[in-house]
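We did not get these values from a lab; they are worked out from the coordinates using the rules stated. As the structure is a computational prediction, the values presented were derived from the model and not from experiment. Every residue, glycine among them, receives a Cβ derived from its backbone with ideal geometry; neighbour counts consider all protein chains shown.
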2 protein chains.
Amino acid sequence: MIKEQFEGYKYIEGGVCAAVGFTANGLNCGINPVKEKNDLGMVYSEVPCNTAAVYTRNKVKGAPIIVTKNHLAKSGGVSRAVIVNSKNANTCNANGEDIAEKTSELVAKELGIKPEEVIVASTGVIGMPIFIEPFKNHMKELVSGLSKEGNTDAVKAIMTTDTVQKEVAVEFEVEGKTCHLGGMAKGSGMIHPDMATTLNFITTDVAVSVEMLQKALSDIVKVTYNCLSIDGDTSTNDMVSVMANGLAGNSLITSEGAQYEIFKKALYIVMLNMTKMLAADGEGASKFLECTCTGAPDFDFAAAVAKSVIHSPLVKCAMFGGDANCGRILCAIGYAPVDVDVKKISVTLASAVGEVLVYKDGASLQFSEEDAAKILAEDEIYINISLEQGQASAKAWGCDLTYDYVKINGDYRS
Amino acid sequence: MIKEQFEGYKYIEGGVCAAVGFTANGLNCGINPVKEKNDLGMVYSEVPCNTAAVYTRNKVKGAPIIVTKNHLAKSGGVSRAVIVNSKNANTCNANGEDIAEKTSELVAKELGIKPEEVIVASTGVIGMPIFIEPFKNHMKELVSGLSKEGNTDAVKAIMTTDTVQKEVAVEFEVEGKTCHLGGMAKGSGMIHPDMATTLNFITTDVAVSVEMLQKALSDIVKVTYNCLSIDGDTSTNDMVSVMANGLAGNSLITSEGAQYEIFKKALYIVMLNMTKMLAADGEGASKFLECTCTGAPDFDFAAAVAKSVIHSPLVKCAMFGGDANCGRILCAIGYAPVDVDVKKISVTLASAVGEVLVYKDGASLQFSEEDAAKILAEDEIYINISLEQGQASAKAWGCDLTYDYVKINGDYRS
């Protein structure tokens with residue numbers, strides 16, 4: 001996927017280590033001895049970070065979600081490190097919070113920081129017993145291996161069914177100071193964020209207050225991760241955190257204004273790219289889907305329509321099959337929880353090779369099936385809906401529904 | 001699937017023709033010349049019928065839905081015939097209402113009834129041009145072939161991706177008079193009813209007022225069809241109608257009481273069985289799923305939990321794979337839109353060969369994977385959830401998500 005360019009922001013390498021003062025590492029600590037891949041990752045800042053986070057709204061929450069919330073409340077929104085494991089979600093375990101706390105203590109002791117400065121996260125199988133020993137036995141090695149190049153090992157440690165590493169970072173200027181903001185994400189299935197996303201860790205060297213960091217994060221989650229749906233299953237362990245260590249040397253951003261907007265846009269660019277990477281790597285996906293709804297009375301209205309279409313299993317199957325079945329798109333628009341005026345809707349299907357108007361003014365159009373098939377044969381498909389009911393717009397992202405989604409999830413635990 | 005027995009009610013053959021005074025027919029009128037199957041069906045009552053109906057809440061509605069609503073409003077809830085076609089949903093067509101009206105007029109003329117006494121319905125591809133000629137050219141043949149054995153041809157005419165014919169009828173007594181109530185349904189995909197179902201036509205010879213008929217239907221839809229989800233896509237053409245011609249000779253039921261309850265239970269039995277048949281024949285289904293939620297504060301609470309689990313693609317895939325992944329069930333419970341107390345939940349998986357408790361008091365249990373695999377290898381799976389938050393319960397029905405669902409819907413139109 002070609003990254004959209006934004007003036008004043010340059011894409012750079014480094015992921016969570018792109019910002020000054022951050023190091024990372026990842027290794028296989030043997031949480032599931034059968035699986036060879038990295039399962040334990042760490043991100044560390046050499047100085048304390050103002051920190052914001054959003055969490056899943058699923059009422060069944062992973063133990064690490066509860067522990068991280070408590071930590072940030074206790075520390076006043078200050079953190080120094082992330083510890084994250086894959087292969088086990090540490091959810092629905094009787095001793096889950098105890099394990100998450102003990103893990104934080106191990107991290108704190110090894111790094112010489114406070115346990116409440118640790119963000120702890122887990123992803124993997126829900127309801128599988130979890131033990132402290134793998135964490136204990138590898139903490140020294142994990143910490144001693146922290147480095148500026150460690151982002152690659154760290155991102156490997158958070159992958160589950162992901163097929164690609166998801167990292168993005170940008171460089172930009174605030175008050176003439178060079179700043180960096182980057183992150184890593186994991187996620188492939190069980191994605192239908194509700195005020196959060198799959199696991200996502202972002203770091204920056206911008207100096208920004210906890211309050212403004214939280215405001216920027218909450219605003220941007222709404223237009224990025226919350227408009228992403230792979231399968232409609234809101235995970236128990238969703239979390240996104242942003243750590244800001246201030247080492248770029250700009251004056252602390254404490255209110256809205258030009259500096260805040262520059263910072264917020266960097267956060268938007270990284271989270272937008274991450275959202276698209278998550279959509280394109282949805283479990284079993286063969287096609288990336290972007291649905292744009294324009295002409296709505298307000299953003300929420302537009303987002304409801306775009307998300308309804310992106311979420312429809314029938315639309316997703318039709319896109320997999322390259323079938324320009326506009327009836328399925330109209331059906332999904334029709335059950336979106338907003339008052340669409342069905343007589344005014346128009347729908348266009350587009351890709352890199354062209355576009356075709358399939359529906360206008362409340363009725364299907366006759367179009368060249370041959371042209372439509374060519375357009376839908378591409379691996380990035382754009383569904384554009386115009387409502388003619390206002391000026392607002394929204395985008396939603398997802399992927400097609402394929403045999404491989406079923407295969408991956410028919411026997412996830414083994 | 002073995003039908004549940006209810007005292008005082010006997011299952012009989014005949015579907016929509018089981019009740020006295022009803023005949024039916026079905027044939028291939030050539031709506032899509034490429035497809036050989038029946039595509040036009042009719043149900044006829046020799047005397048006028050009190051009639052109730054519920055319709056999809058999708059804002060993009062098939063033209064027949066709009067026309068049928070108008071007809072029943074005009075006739076004061078009296079109908080004589082159903083005309084229904086498959087292969088084309090007559091939805092999103094500029095001339096859709098005109099076609100549905102003209103079809104009703106053809107039916108009325110041939111049967112010697114009023115156009116507003118005709119219930120018109122369509123199912124099939126959305127947004128495909130539709131023409132009056134196939135209806136016109138076959139109306140005489142359709143009417144002249146009406147018979148007591150015509151239910152079989154009629155049910156074939158409403159099938160789309162259905163793999164089995166769905167008919168149920170029962171015999172029972174009201175005031176010592178022998179009564180009958182039966183119906184036919186179609187549906188396989190695009191099923192997530194919202195105040196209605198897929199197409200479903202029910203007939204009875206009980207004498208019951210329009211008001212009480214509508215009340216019974218609306219109440220029972222809530223605990224049957226509205227607790228059914230195949231894929232979460234609410235169809236544009238969902239409709240269920242009940243025609244009551246009174247030929248059983250009981251005194252007209254005009255209020256609640258013993259006679260009303262007997263009639264209502266008959267309607268419940270037929271709709272319950274139809275719901276289960278629809279679930280078992282979900283597109284690509286290899287397993288029937290029933291989720292029972294007990295211990296809820298009220299029915300809506302229980303139904304929200306049961307439906308959330310039945311609807312989860314990850315639960316559906318796990319059941320396809322025979323994977324006792326209780327984490328996926330807990331995840332779906334957790335995002336149901338009600339306040340579950342996660343510390344009190346218990347979950348049992350059951351089938352004809354046994355049951356296994358997989359979750360209790362907020363934590364996963366260790367269980368025999370071998371036993372669980374045997375239980376989940378059956379083709380009817382029961383997921384039982386206890387909330388311990390009250391006395392109410394609800395059931396929801398669905399099926400697993402398989403490769404075949406993707407295959408069927410990857411190229412539905414061809």
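Before moving on, here are some points about what is shown:
- Rounded to 5, the percent of DSSP beta bridges in chain A classed as antiparallel: 75
- Span from the segment A:2-81 Cα centroid across to the segment A:214-270 one, whole angstrom: 13
- Axis-nearest residue of B (beta carbon) for the B-onto-A rotation, whole Å: B:403, 2
- Residue order, fewest to most beta carbons within 10 Å, for B:153, A:404: A:404, B:153
- On the beta carbon distance between residue B:147 and residue B:407, with R0 = 41 Å, the FRET formula returns roughly 0.65.
- Under 13 Å, Cβ to Cβ, from residue B:243 - net charge with Lys/Arg +1 and Asp/Glu -1: -2
- Exposure proxy order (Cβ contacts within 10 Å, fewest to most) of B:406, B:20: B:20, B:406
- Helix axis angle, B:133-144 relative to chain B longest principal axis, alpha carbon, degrees: 80
- Shielding score for A:57-66, defined as the mean number of other chain Cβ atoms within 10 Å: 4
- For the protein assembly as shown, share of DSSP beta bridges that run antiparallel, in % to the nearest 5: 75
- Relative contact order (%) - criterion: Cα under 8 Å, at least six apart; region: chain A: 17
- Of all DSSP beta bridges in segment B:157-300, antiparallel share, percent nearest 5: 65
- In this assembly of identical copies, the label point of residue A:164 (Cα plus 7 Å along Cα-to-Cβ) is separated from its counterparts by 4.4 nm, sorted shortest first.
- Assigned charges on the beta-carbon of Lys, Arg, Asp, Glu; segment B:10-280 dipole about Cα centre (debye): 260
- The percentage of C-alpha pairs in chain B whose separation is greater than 37 Å is 24%.
- Rounded D (µm²/s) - the protein assembly as shown, Kirkwood Rh over Cα pairs, Stokes-Einstein at 37 °C, 0.692 mPa s: 116
- Proximal charge balance of residue B:362 [Cβ under 10 Å; K/R count +1, D/E count -1]: +1
- A simple spin-label model places the labels of residue A:352 and residue B:251 7.8 nm from each other, with each point 7 Å out along Cα-to-Cβ.
- Modelled this way, with points 7 Å down the Cα-to-C-beta line, the labels at residue A:46 and residue B:34 are 6.7 nm from one another.
- Shape of segment B:1-154, Cα gyration tensor, a/c cut at 1.5: rounded
- Inter-copy label distances at residue A:353, shortest first and taken from points set 7 Å along Cα to Cβ: 4.8 nm.
- For segment A:287-399, alpha-carbon Rg over 2.2 N^0.38 Å: 0.95
- Net charge of neighbours whose Cβ lies under 15 Å from the Cβ of residue B:289, counting Lys and Arg as +1 and Asp and Glu as -1: -4
- Least to most buried among B:369, A:110 (fewest other Cβ within 10 Å first): B:369, A:110
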